[in-house]
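J.: Mind looking over this structure? Questions follow.
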Amino acid sequence: MTKRLENMNLPDDIRQMDTDEMELLAVELREFLLTHVSETGGHLASNLGVVELTLALHKVFDTSNDRLIWDVGHQSYIHKILTGRRDIFNTLRQLDGISGFPKRAESIHDAFDTGHSSNSISAAHGMAVARDLKHEDHNVIAVIGDGALTGGEAYEGLNNLGDSKSRAIIILNDNGMSIRANTGGISQHLSKLRVSRKYYAFKGGLKRTVKKVPAIGSGIYYGASKMRDILKYALVDGVFFEELGFTYIGPIDGHNIEALTENLEAAKHSEKPCVIHIITQKGKGYRNAENNPGVFHGTGPFDKTTGLAIKKPGCRTFSDVFGSKMTQLAAKEPRLTAVSAAMIDGVGLHEFAERYPDRMFDAGIAEQHAVSFAAGLAASGLKPVVAIYSTFMQRAYDQISQDVCMQNLPVIFAVDRAGVVGADGATHNGIFDLSFLTHIPNMTVLAPRDGAELEQMLEYAVDIDSPVAIRYPRGAAEDIDVPCIPVSEGAQLLKQGDEINIWACGSMVKSALKASLILESEGIRCGVTDARFITPPDRKKVLEAASSSKLIITCEDNVTHGGFGSIISDIISEEYPGISVYKMGWPSKFIEHGSIPELFSRYRLDAEGMAERIREIIERKA
Ligand SMILES: Cc1ncc(C[n+]2csc(CCOP(=O)(O)OP(=O)(O)O)c2C)c(N)n1
């Protein structure tokens, strides 16, 4: 670690620094960030882009009293380093270490927990209103990216905050990028603002020149202001933020500490809500990230000299399998279209997007729009596949229910990252989708155990004429060595047992098979069935299994409450009330961050943990 960073402890120190010192500190911060993120993995490019902004924010505001909200929160690392977490920064995203997102429980400097995009303006509005009602005096600042500004909630926030006139500062961090290049009309509007610097120079010039005229100067200036308004419309092509009630400041060079500090100071004294529009470069200061901001948006450990990932060669992931199967199916099914909400690469659709650009739709961070848009496509005879991470699908519950399922429209949902996701932690875990999807009428919910089964399920979903959700986890889709029976045949018995039968779904099938082997070596024979259908459940096979069992164990990578186990348990309790059903899955809590194997082990959901729990149940029953 270098000198300035080493010697500073809290952001108060920044308030003593001049711009030159802050610029030197910015260099040290980038080096520190790069060294650590290359070891732990994490969100690099977005953080490299906000180094100067974070320094300027801490120069002008005191976050132990002022409220600073980071939209999404993936760009809060510099803030963490500067607010007392430098010495534990090496634990970032590790089990029991600090989170990769702001956490109120972690520091008084974190005003609001974030992770899902586009809510910061609404939260800032709430805080500003609370401050005024309580006659308190502090500043409220939200930092939101241009990507996050594609999310509808941001406009709900702007609409209300602008109208309320509550004092709050919205910093629009515009780097022209979401995870990949940003999409949509608003993004186009921002690009126009970026190139409208001429207008802002002219505005200042007009004021200076006209006001200089003695006596009548101000009058002419105010008359000319009207003309200025006309020019504004003519030159800026829509003064979106000002019309909503904000003072718009910008665009400002987001890497110029002096300009940032000056404008933040000005905004601090504004009586109206302000939008400060800053232009930054994603990945700034690290060539590999500047050249490939998408790749370094979120990364695993990498070699910081070459920028190459340090990854053990693994087998293909579920997202890879999904992506290639989509490309393959598109060749023979012209109605097949794909919809993503700003995650084309994450869900594995990059190849599809290249091959079929006319059939690939990126809605931006707009899950609700993505689903209703897909409903529109389906109502007009197309076969849309909406690929969204389980955690972000939560945003579109109403659209799934009302717009798709109520009309029984054939929309396919590829629910990626279903289950615990690891280092991103609580905000990103997808452990509720079975609970919020399976009770919606008309919806079929499937869970593949491996890549081969995912491929078959996708084919099955394309062939049927009603809504289907296929949920699969993050990571390797390694095939088990038992071939799949056709999906239409329902659940698949993988291993015959005696009186104990495990019904597992999705990737838990593999752990169930391993657990059964561990128990077999101790003389306990457990059957294993891959449920495949979560809804409608394979009632006949469930009851057959129950009729010859004393104990049924269900396993799922979802909370047990209202999930797969609950469905199985309901079926059995109606017909065989004497049979015990024991549910294994996540408890109803927000599961912390850590590696996926660590979390499965901590919650006894890996093969060893499952075998141990089954042993305990058998002992208790005996
Ligand atoms: C509701 C929701 N959908 C998707 C994401 C995944 N996601 C995380 S960051 C990001 C891009 C954000 O872009 P921007 O706000 O411009 O920030 P930048 O990284 O460019 O600084 C996306 C799509 C999310 N966090 N929340």
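J.: So how much slack lies between Ser521 and Lys332, counting 0.36 nm per residue of separation and subtracting their Cα-Cα distance, in nm?
T.: Net length gain for the segment: 63.3 nm.
J.: Order of Ile171, Ile88 from fewest to most other C-beta atoms within 10 Å?
T.: With the sparsest Cβ surroundings first, the list reads Ile88, Ile171.
J.: Can you pick out the pairs among Lys282/Lys332; Lys59/Lys165; Lys80/Lys282; Lys59/Lys272; Lys495/Lys621 whose Cα atoms lie more than 30 Å from each other?
T.: Over 30 Å Cα-Cα: Lys282/Lys332.
J.: Give me the mean projected area, in nm² to one decimal, of the convex hull enclosing the Cα positions of the range 318-471.
T.: 7.9 nm²
J.: Taking R0 as 35 Å, what's the FRET efficiency between Leu10 and Arg602 from their Cβ-Cβ distance, rounded to 0.05?
T.: Working from the Cβ atoms, E equals 0.60.
J.: Placing +1 at every Lys and Arg Cβ and -1 at every Asp and Glu Cβ, with all other atoms neutral, what dipole size does the range 318-471 have around its Cα centre, in debye to the nearest 20?
T.: 180 debye
J.: Within straight cross-link reach of Lys284, meaning Cα distance under 18 Å, which aspartates and glutamates are found once same-chain residues fewer than 8 apart are removed?
T.: Glu23, Glu28, Glu31, Glu52, Asp146, Asp174, Asp253, Glu258, Asp303
J.: Using the Cβ atoms and a cut-off under 12 Å, what net charge is assigned to the surroundings of Val482, where Lys and Arg are +1 and Asp and Glu are -1?
T.: Net charge around Val482: -2.
J.: Given R₀ = 45 Å, FRET efficiency for Asp96-Asp253 by Cβ-Cβ distance, to 0.05?
T.: Computed FRET efficiency for Asp96 and Asp253 comes out at 0.70.
J.: How big is D for the range 491-621, in µm² s⁻¹ as a whole number, if Stokes-Einstein is applied with the Kirkwood radius of its Cα pairs at 25 °C and 0.890 mPa s?
T.: Result for D is 168 µm²/s.
J.: Compute the angle between helix 120-133 and the longest alpha-carbon principal axis of the chain, please, reported from 0 to 90 degrees and rounded to the nearest 10.
T.: 60 degrees
J.: Turning to a different aspect of this structure: Using alpha carbons only, what's the Rg to Rh ratio of the chain with Rh from Kirkwood?
T.: That ratio equals 1.03.
J.: List the relative contact order of the chain as a percent without decimals, with contacts defined as Cα pairs under 8 Å and 6+ residues apart.
T.: Contact order relative to length: 11 percent.
Each value in this text was obtained by applying a stated rule to the coordinates, not by laboratory testing. Small disclaimer: the values here were computed from a predicted structure and weren't measured. Every residue, glycine as well, gets a Cβ built from its backbone with ideal geometry; the counts of neighbours run over all protein chains shown.
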